[in-house]
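The structure under discussion appears below in the form of structure tokens.
Coordinate-derived values only; no laboratory data. Being a predicted model, the structure only gives us computed values, none of them experimental. Because the Cβ atoms are built from the backbone with ideal geometry, glycine has one as well, and the counts that use them run over all protein chains shown.
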């Protein structure tokens, strides 16, 4: 999963010529975004990962949803698009709940 022009897409479905000259963020570049460190912090705090199979894709999808959606409920739809091989959906839901609280308009800042 990558973020292409602000939207999460499966990297295996994008030709390099389609991405040429466009904004592309990979999981390695996540830390350079404003929300990246917050997403990583919450995944570690819960912890929201076990085997790591789904972690990169979910992080990129969460970044995309946070950048493009004003609806907190959209965060919960992220899990519908990913397969967690170890089945740790409970922890992933907790990460998303915590993110929704941090990103809500009632929150004073992203540093809560």
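Relative to the 2.2 N^0.38 Å rule of thumb, the chain has a C-alpha radius of gyration ratio of 1.04. Length gained on full extension, residue 89 to residue 5: 27.4 nm, using 0.36 nm per residue less the C-alpha separation. Helix 55-68 axis versus longest C-alpha principal axis of the chain: approximately 90°, rounded to the nearest ten. Seen against the Cα atoms of the chain and their longest principal axis, helix 89-103 is set at about 90 degrees.
The C-alpha atoms of the chain define a longest principal axis, and helix 36-45 lies at about 50 degrees to it. You can think of it this way: the chain between residue 76 and residue 41 has 10.8 nm of extra reach, that is 0.36 nm per residue less the Cα-Cα gap. With both labels modelled 7 Å from their Cα along Cα-to-Cβ, the residue 18 to residue 31 distance reads 3.0 nm.
Express in nm, to one decimal, how much length is gained between residue 97 and residue 50 on full extension, taking 0.36 nm for each residue of separation and deducting their alpha carbon distance.
15.1 nm
Structural descriptor for the chain: relative contact order 27 percent, calculated from alpha carbon pairs under 8 angstrom and at least 6 residues apart.
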